[in-house]
1. Separation of region 224-283 and region 90-156 by C-alpha centroid, Å?
2. Using Cβ counts within 10 Å as a stand-in for footprinting exposure, how do 227, 155, 85 rank, fewest first?
3. Please state, to two decimals, what the Cα-based radius of gyration of region 269-314 comes to when divided by 2.2 N^0.38 Å (N = residues).
4. Find the eigenvalues of the gyration tensor of the Cα atoms of region 127-256, then list the square roots of 5 times those eigenvalues as equivalent ellipsoid semi-axes, largest first, in whole angstrom.
5. Counting other C-beta atoms within 10 Å, which of 66, 268, 213 has the fewest, and how do the rest follow?
6. Cross-link partners among lysines for residue 76, C-alpha distance below 21 Å, same-chain residues fewer than 8 apart left out?
7. For a quick check: sort 237, 215 by the number of other beta carbons within 10 angstrom, fewest at the front.
8. Give the residue from 313, 154, 194 lying farthest towards the positive end of the charge dipole for the chain; charges sit on Cβ (+1 for Lys and Arg, -1 for Asp and Glu) and the dipole is referred to the Cα centre.
Amino acid sequence: MIKPNYPTMNKFLLVFFILLFSSSWSGFSQTAIEYFKRGEVKGKQNDYIGAIREYTTAIKINPKFSEAYYNRASYKGNLQDFKGSIADYTKAIEIKPKWAEAYLNRGSTKGDIQDYKGEIIDYNKAIEFKPNFAIAYNNRGAAKSNLQDISGALSDYTKAIEINPKYLEAYYNRGRLLVNIKDYIGAITDFTKAIEIDPVNAKAYVNRGSVKSFMLDHKGAIIDFNSAIQINPNEPMPFFNRGCAKGILKDYKGAISDYTKAIEMNPSWVANLYFNRGLAQIELGQKESGCLDLYKAGELGNKTALVAVIKYCK
């Protein structure tokens, strides 16, 4: 049986925030400001191409308009133009060399192209100019984790939490890292704190439930998966993980029901769902339907299913 999994948080939730400047700037052309404001409006409407066009016009009118470079960089990042985004953040930094937020966002964009060392260098600068910059510590922790600097990552997540004790993402990220080093008690503590901060955070419940399963507390895990499903019934992973826990507890009918529900959502990893459902059906003596699921899992790329077919279906 495929074991439970736990989700990651969206990196963009940790990184990108756009400073929208509404006041006027001394020495700036009124026309440039007008184009800038148009860019803000189009950005809020998710018209990223239109926003970029307006910021570009503002920059042509005033080539020292650092805020226009900054916002244009953010929207280029949204459009996966990471090279262009980095170039714009760099220009904004040239104009305002101590702009911590520009270093932060350039660093995160470097992370998008897996330049983790360059990412850390930018977070270092952001922290230099803004020493209590919790998000910079959190993001630097993530970059260090990608470079397998576990102690450095834990230190940064902890610093972010010290600065902001209500920092949900930092607890979440530290909890995931603690799972990786098998500090399950510490991980549960962090996910519990994340839930206290945001009681409707389904992913925190899924992660805590998964850790409970790792600790063989399958009944406790099911309670957490129930909460995640109640919050977001359209996410397949809690159903999958709850199905795993039910299967371990020999509630095969309940497991089959959960796997079926997740299969209906057709996630990219649906082969694992067919595989687990097939095994659960075989445990109930439903060999024909179970083997059909195992064959389906194999067709979808689950190599372990082929081994199971040989064992149960020949």
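1. 38
2. Exposure proxy ranking, most exposed first: 155, 227, 85.
3. Computed over Cα atoms of region 269-314, the ratio equals 0.94.
4. Equivalent-ellipsoid dimensions as semi-axes: 31, 15, 11 Å.
5. Going from sparsest to densest Cβ surroundings: 268, 66, 213.
6. Result set, ordered by chain and number: 11, 37, 42, 44, 60, 64, 91, 96, 110.
7. Ranking 237, 215 by Cβ neighbours within 10 Å, fewest first, gives 215, 237.
8. The residue sitting most towards the positive pole is 313.
A short reminder: the numbers here are calculations on the coordinates, not readings from a lab. These numbers come from a predicted model, not from an experiment. Positions of Cβ are generated from backbone atoms using ideal geometry, with glycine treated the same way; all protein chains shown enter the neighbour counts.
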